[in-house]
1. When you look at Arg114, is it of a type in the set (D, E, K, R), at pLDDT 95 or above and open to solvent by 30 Å² or more (accessible area, probe 1.4 Å), yes or no?
2. Which condition breaks for Leu472 when tested against (1) touching a strand residue (DSSP E or B) at 6+ places or on another chain (Cβ under 9 Å); (2) free of Cβ contacts under 8 Å to residues at least 40 places away in the same chain; (3) surrounded by fewer than 21 Cβ atoms within 10 Å (Cβ to Cβ); (4) among the hydrophobic types (A, V, I, L, M, F, W, C)?
3. Within segment 347-354, does at least one residue satisfy the condition of being outside any loop (DSSP other than H, G, I, E, B), modelled with pLDDT of 95 or more, surrounded by fewer than 17 Cβ atoms within 10 Å (Cβ to Cβ) and out of contact with any strand residue (DSSP E or B) (no Cβ under 6 Å at 6 or more places or on another chain)?
4. Within the group Val314, Val297, Val289, Val271, which residue is of a type in the set (A, V, I, L, M) and open to solvent by less than 20 Å² (accessible area, probe 1.4 Å)?
5. Is there a residue in segment 411-420 that is assigned to a helix (DSSP H, G or I), without any contact (Cβ under 8 Å) to a residue 40 or more places away in the chain and open to solvent by 40 Å² or more (accessible area, probe 1.4 Å)?
6. Criterion first (among the β-branched types (Val, Ile, Thr), closer than 29 Å to Gly182 by Cβ, in contact with a Lys or Arg (Cβ under 9 Å, 6 or more places away or on another chain) and modelled with pLDDT under 95) does Thr260 satisfy it?
7. Filter segment 377-397 for residues that are open to solvent by less than 30 Å² (accessible area, probe 1.4 Å), within 11 Å of Leu407 (Cβ to Cβ) and in a helix (DSSP H, G or I) and give the result.
8. Filter segment 257-268 for residues that are open to solvent by 40 Å² or more (accessible area, probe 1.4 Å) and either of a type in the set (A, V, I, L, M) or in contact with a strand residue (DSSP E or B) (Cβ under 7 Å, 6 or more places away or on another chain) (or both) and give the result.
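The values are calculated or read from the model by the stated rules, or taken from the named source; none is laboratory data. Everything numeric in this text was worked out from a predicted model, so none of it was measured. Every residue, glycine among them, receives a Cβ derived from its backbone with ideal geometry; neighbour counts consider all protein chains shown. Side chains are part of the model used for accessible areas, which takes the heavy atoms of the whole protein and leaves out ligands, DNA and RNA. Shrake-Rupley method; radii C 1.70, N 1.55, O 1.52, S 1.80 Å.
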Amino acid sequence: MARHHDLIIIGTGSGNSLITPELEGLDIAIVEEGTFGGTCLNVGCIPTKMLVLPADRVVDAHEAERLGVTIGGDVTVDWPAIRDRIFTDRIDLIAAGGEDYRRGQNFVTVYAVRARFVGPRRLALESGEAITADRIVVAAGSRADLLDVDGLDQADPARGVHTSDTVMRMDELPRRMAIVGGGFVACEFAHVFSALGVEVTQIQRSGALLRSEEAEISQRYTELAHGRHDLRLDTQVESATRDSATGAWTLALKGRDGATDVEVDTVLVAVGRTPNGPRLEVEAGGIEVDEDRVVIVDAQQRTTAEGVWALGDVANPWQLKHVANHEARVVAHNLAVDTGRHADADAKPVEADHRYVPHAVFGHPQVAAFGPTRAELDAAGTDHVSYTQSFGDTAYGWALEDTTGILTIHADPATGLILAAHCMGPHASTLIQPLIQAASFGQKARDVARGQYWIHPALAEVVENALLGLDLTD
């Protein structure tokens with residue numbers, strides 16, 4: 001016999017935040033086959049940014065010479081101290097505490113096993129149990145992809161083959177590392193490990209890094225990466241062999257410069273992530289997925305199966321924690337309405353707002369953006385004006401001696417509304433926030449530029465000047 005619950009939540013990333021005070025008292029099940037807290041807490045956003053910080057400090061020290069400061073001596077990196085600060089002292093305690101908290105709630109049952117759908121709102125657990133519910137939320141996230149190359153088709157940390165799930169917990173830094181991929185995960189780790197003294201070879205199958213960014217930013221970032229580590233563009237890994245005596249890997253590469261080999265001690269595969277819907281066999285529960293295996297949801301985050309919602313990486317193409325958190329707030333509200341437990345008896349379901357989803361890449365320099373690129377606007381036939389402001393043409397840019405930072409804004413020339421912004425440079429992830437706010441609340445570019453004070457000579461003047469540079473008709 002299957003045990004029945006009022007609500008089943010699959011996944012403990014943003015899914016863990018669904019249990020609001022309004023839902024307390026329901027019979028709730030949480031299914032989590034991995035570590036409590038999900039990707040962001042354990043192997044994603046938070047630990048990677050904690051790892052980026054010391055890398056930034058190293059690069060800043062090297063670049064201080066252009067400001068008239070020379071920091072002598074070799075850089076000493078205490079990798080165990082860096083790693084343990086992140087995990088032992090912080091992340092692992094939070095993950096364990098989160099699980100203990102949920103297990104201590106008498107209305108919550110935690111199933112620490114893998115689950116799969118075997119019917120409408122019915123799950124079979126790896127333990128042999130079966131559970132059902134009136135309502136289910138699928139918040140099972142995504143998993144790291146690997147390569148269709150023998151030896152690199154599965155993570156094997158003991159043999160030096162890693163994904164982002166494992167590479168931050170290495171016992172020691174390797175002398176040489178190959179990073180396969182050119183997206184934000186690969187670029188962040190290339191920055192981190194090259195800054196910490198690892199000889200990094202980054203292998204990218206296309207001709208540029210961060211290809212989904214504005215073309216000028218992708219080009220500039222690629223050029224900068226060329227100067228920091230060994231970058232192989234238009235190159236693929238044909239085969240991989242490991243020397244059992246030394247543990248070294250030889251990767252046979254085929255690229256625009258012909259066939260070459262590279263020998264490394266560790267391989268990090270960072271070529272993307274796959275949603276976990278198929279792993280849960282969601283279609284057996286009447287839940288449809290699209291051609292990219294993303295669970296299909298409507299504006300209220302409802303799936304195609306009655307009584308089932310989905311959120312986060314499993315149900316959207318962005319794979320960003322702040323998107324998952326937004327969707328979790330939507331689902332939590334809609335669950336409260338659907339169960340009749342919302343504090344406002346007249347409350348109606350709400351819809352997710354995905355109009356201006358921002359993202360950031362914490363490489364060196366940072367990259368941040370939201371909205372379509374110039375090429376995408378042109379392809380869609382969207383009327384727009386654009387302006388690009390160089391960091392180095394502002395007073396604080398002079399102080400930074402910045403020669404590469406830029407901010408590009410696209411706006412509607414008739415209404416003055418901001419359509420998109422694309423930024424590369426110091427603090428890009430913070431600098432772009434007032435533009436996200438302006439777009440989200442329908443504030444016109446000229447009003448934002450002239451309707452408030454801008455601190456002089458702060459870096460925020462990059463935003464002010466970019467807004468003023470737009471050729472608007474209103």
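1. Taking the combined requirement at face value, the residue satisfies it.
2. Against the list (1) touching a strand residue (DSSP E or B) at 6+ places or on another chain (Cβ under 9 Å); (2) free of Cβ contacts under 8 Å to residues at least 40 places away in the same chain; (3) surrounded by fewer than 21 Cβ atoms within 10 Å (Cβ to Cβ); (4) among the hydrophobic types (A, V, I, L, M, F, W, C), Leu472 comes up short only on (2).
3. no
4. On inspection, the qualifying residue turns out to be Val314.
5. Looking through segment 411-420, none of the residues is assigned to a helix (DSSP H, G or I), without any contact (Cβ under 8 Å) to a residue 40 or more places away in the chain and open to solvent by 40 Å² or more (accessible area, probe 1.4 Å).
6. Yes: the conditions hold for Thr260.
7. Phe391, Gly397 - these are the residues of segment 377-397 that are open to solvent by less than 30 Å² (accessible area, probe 1.4 Å), within 11 Å of Leu407 (Cβ to Cβ) and in a helix (DSSP H, G or I).
8. Ala259, Thr260, Asp261, Glu263, Asp265
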